[in-house]
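Report on one structure; see the data block that follows.
The values are calculated or read from the model by the stated rules, or taken from the named source; none is laboratory data. Since the model is a prediction, treat every value here as computed from it, not as a measurement. Cβ coordinates were reconstructed from backbone atoms using ideal geometry, including for glycine residues, and neighbour counts include every protein chain displayed. Accessible surface is based on the protein model in full, side chains and every heavy atom, while ligands, DNA and RNA are left aside. Shrake-Rupley method; radii C 1.70, N 1.55, O 1.52, S 1.80 Å.
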Amino acid sequence: MVAYGILLLPPHPFAQTDEVPDVDQPWYIDNAGAGGSFTSIQGYFKKLQEEGPRRGYLLEPLKSILIVQPHKKVAAKITFKVLGFTVVSGAHYLKGFLGDPADQLVWVQEKTASWVEAIKELSLVAERYL
Amino acid sequence: LQQEWQFLQCLTKGLGLEFEGIVQALQWDFLPALFGDDLVDDDYPRQLAYLPVRRVGLAILDPTVSTESNWTASTVIFSHIIAAIQGTTAEFRSADHSANVATGKVETQEQNLSKLQAKLEVILENL
């Protein structure tokens, strides 16, 4: 995985120079992210589509998630309709969460509920093997 | 499991109350499964369970207590890289980041151990 990450390095800097200067680009291995205006993100994505395949990085727009403020959801859906991004006001990202606090709370509650269930299952195992 | 919720606490601020269900499950399902159903709130086995193994405990962490400290430790330890991503520092330096992480981890560990040592002493005094 580390080697794969290093192999992917060449596509990273191209947009950090002067071609798409106003997009923040957090990368984690092959998980690309972009923060900026709708126009900038569109430009950045187009560049990645052009440059990525030459380095074995194939983008899947339908798997891409666009996180926007709740009042911008409609505009985002219209803007990114062609690319087919999923538009949301909050989503998990690298084991954390980005976006609307209300969505975050729901996500955290789902996670804690699953951990509670796991503890209860573990308790049943503990009883059996004591 | 503990690693998972601690990781979440490091990334997300102000979640204390959301972990109450986990504490309840530990208190009323997991610990009684280990020590028997006749435990009450302040039984010694229950108190000791929350101490680290080196302090005769089971290293079970109370997630409602660790929320703020995990968040604070994380933001302090990773302050250099956070500033770099936010653009509030002139330049990201790997050496500075590594030094921050190393120092922060040691300090956090020492603080936690000293708190837990104090807890152990209180338990031993009351025995």
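Below is a table of values for the structure above.
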{"read-out": "Distant alpha-carbon pairs in segment A:23-130 (separation over 21 angstrom), percent", "value": "49"}
{"read-out": "Exposure ranking of B:Leu127, A:Leu98 by accessible area [1.4 Å probe, largest first]", "value": "B:Leu127, A:Leu98"}
{"read-out": "Over 20 Å between alpha carbons, listed pairs A:Lys46/A:Lys81; A:Lys111/B:Lys115; A:Lys120/B:Lys115; A:Lys111/B:Lys13; A:Lys63/A:Lys95; A:Lys95/B:Lys13", "value": "A:Lys111/B:Lys115; A:Lys120/B:Lys115"}
{"read-out": "Placed amide H near A:Val87: partners under 5 Å, 5+ positions off or other chain", "value": "A:Leu66"}
{"read-out": "Kirkwood-based shape ratio for segment B:63-113, expressed as Rg/Rh from alpha carbons", "value": "1.05"}
{"read-out": "Estimated FRET transfer efficiency (B:Gln2, A:Leu83; beta-carbon r; R0 45 Å; 0.05)", "value": "0.70"}
{"read-out": "Neighbour net charge for B:Thr67 - beta-carbon separation under 9 angstrom, K R +1, D E -1", "value": "-1"}
{"read-out": "Accessible surface, per residue, of chain B when the full set of protein chains is kept, probe 1.4 Å, Å²", "value": "60"}
{"read-out": "Sequence of B:Lys13, A:Lys63 when ordered by accessible area, the most exposed leading, probe 1.4 angstrom", "value": "A:Lys63, B:Lys13"}
{"read-out": "A/B buried area, accessible surface, summed, 1.4 Å probe, Å²", "value": "1700"}
{"read-out": "Gain upon complete extension [B:Gln47, B:Gln27; 0.36 nm per residue less C-alpha separation]", "value": "6.2 nm"}
{"read-out": "Inter-chain Cβ neighbour average for residues B:56-64, partner chain, 10 Å", "value": "0"}
{"read-out": "Paired Rg and Dmax values of the protein assembly as shown, which use every Cα atom, in angstrom", "value": "23.1, 71"}
{"read-out": "Solvent exposure ordering (accessible area, 1.4 Å, most first) of A:Trp27, A:Trp115", "value": "A:Trp27, A:Trp115"}
